[in-house]
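Values in this text are rule-based calculations from the coordinates and carry no lab data. All of these numbers come straight from a predicted model, not from anything done at the bench. Neighbour counts are summed over all protein chains in view; Cβ atoms, including those assigned to glycine, are modelled from backbone coordinates with ideal geometry.
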Amino acid sequence: MSVQLFYVTVSTQDEAKAIATALLNDGLIACANILGAMTSIYRWQGELAQEEEVPLILKSTTELGDRIIEKIKQIHSYESPCVVALNIENGNPEFLNWIQKEVT
């Protein structure tokens, strides 16, 4: 079982808390980090856009990745939310084991 970090952007702190809580309640993640607001500049439907967003970092396993992505898409306010997974190659073994135990 491999550990992954999921990077997600949302519109508000409240939305970040709601998504994190739903995923924790479903046993899909071990932990969520909600960071402070940031400015995102991007192209959307042919136009440049700029918005304040809140980054959310989730800790889980590769085996639960598809379920995490689907759950986020169901409850996220964006039409096409940023949800990407990053594989963890190395880290504190006790911490990585804790993540695996929390989601199994």
When a/c is below 1.5 the answer is rounded, else prolate if a/b is larger than b/c, else oblate, so apply that to region 3-102 with a ≥ b ≥ c taken from the square roots of the Cα gyration tensor eigenvalues.
-> prolate
Cα lying deepest toward the dipole's positive end in the chain, options 11, 82, 27, charges on Cβ | 27
Among the aspartates and glutamates, select those whose C-alpha is under 13 Å from the C-alpha of residue 73, and discard any that sit fewer than 8 residues away in the same chain.
-> 15
Mind ordering 39-52, 90-103, 6-19, 64-77 by average Cβ neighbours within 10 Å, highest first?
-> 6-19, 64-77, 90-103, 39-52
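Determine the calculated [θ] at 222 nm for the chain from helices alone, applying -39500 (n - 2.57) to every DSSP H run no shorter than 4 residues and normalising by the residue count; nearest 500 deg cm²/dmol.
Details: 3 runs with 34 residues, N = 104.
Mean residue ellipticity, 222 nm, calculated: -10000 deg cm²/dmol.
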What whole number of Å gives the distance from the Cα centroid of region 1-29 to the Cα centroid of region 30-60?
-> 13 Å
Treat each spin label as a single point 7 Å out from the Cα along the C-beta direction, and report the residue 42 to residue 1 distance in nm.
-> 3.1 nm
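Charges at C-beta only: +1 for Lys and Arg, -1 for Asp and Glu. How large is the resulting dipole of the chain about its Cα centre, in Debye rounded to 20?
Values: 7 positive and 14 negative charges, 39 e Å.
My answer is approximately 180 debye.
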